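Written below as C-alpha cells is the structure these notes are about.
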Amino acid sequence: QISFTQHCRQEADTAALAQKLASSLSHLFQANQSAHLNIFLKGDLGAGKTTFARHLIQGLGYEGRVKSPTYTLCEPYPLIIHSKTLAMNHFDLYRMRDPLEWQEAGFAEYFDEPGFCLVEWSEKAEGTLPTFDIEIHLRAGADENERNIIFQASSSQGMTVLDKMNT
Ligand code: ADP
Ligand code: MG
C-alpha cells in the first residue's frame, strides 16, 4: 500500500501533477509494453476529475481535444508510447444505470488490452468493474481553485508508478 496527498493552489499545479503521472506511466510501458492499468478518478462534481484526465491524456502525447465522456460513457484515445500503439479509454459512468449496459457496450474487453482505463464515477459500476491499480481522489480546498489530491496504489504495478512519481 502506498498513498500520498498533494496540495494544488491552482489548475496549473493539477496539470503539473498529471504530467508527472504521465511521465511515470510512460516509463512503466518502456519496461512492459503489454501492461494494462486501471486508474480511477474520484471526487464530487466539479472537483476536477475530467480536468485531471485531460492533462494526463495530453501529457501522454495526445494532441487533440479531450472532452468529458458524460453522454457517451466512454471516449477512446489512441496513444503512441515508445513507438507502440496503446489504448486509452476514458470513462464517465455517472449515467450508467445497470450492468447490462456495460455488457452490451463490450466495455469489459477494454480492461484487457494494453494501455489504460481511466474511470470517473467507478462507484456507479461497483461489482462490474475490475479493481484499480491507482486511485486519484480530488477534494476541494478552502479557495475556489485549491484542491487536495490523494494518490493511492493497490497493485504492485500501481506502486511502481507512484513511487517513480515521487523520485
Ligand atoms: P469533474 O470532472 O470532477 O466533475 P471538471 O474537471 O469537469 O470536474 O471541472 C473542474 C473545474 O474546476 C474546471 O472548470 C477547472 O478549470 C476548475 N479548476 C479550478 N481549479 C482547479 C484545480 N486546482 N484543479 C482542477 N480543476 C480546477
Ligand atoms: Mg467529469
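Things to note:
- Selection of the stretch 73-96 for residues being within 14 Å of ligand 1 (Cβ to nearest atom) and either basic (Lys, Arg) or part of a helix (DSSP H, G or I) (or both) yields only Arg95.
- Within the stretch 44-72, the set of residues being at pLDDT 95 or above, part of a loop (DSSP other than H, G, I, E, B) and of a type in the set (Phe, Trp, Tyr) comprises Tyr62 only.
- Qualifying residue in the stretch 138-146 (condition: basic (Lys, Arg), within 16 Å of ligand 1 (Cβ to nearest atom) and under 22 Å from Gln1 (Cα atoms)): yes
- Neighbours by Cβ (under 7 Å, 6+ apart or cross-chain): first from the stretch 21-43, within 16 Å of ligand 2 (Cβ to nearest atom); second part of a loop (DSSP other than H, G, I, E, B): Ile39/Phe132; Ile39/Asp133; Phe40/Phe132
- Hits in the stretch 10-43 - residues which are surrounded by fewer than 18 Cβ atoms within 10 Å (Cβ to Cβ), in a helix (DSSP H, G or I) and within 12 Å of ligand 1 (Cβ to nearest atom): Glu11, Ala12, Asp13, Ala16
The values are calculated or read from the model by the stated rules, or taken from the named source; none is laboratory data. For clarity, every value in this text was computed on a predicted model and none was experimentally measured. Cβ: placed from backbone, ideal geometry, glycine included. Neighbour counts: every protein chain shown.
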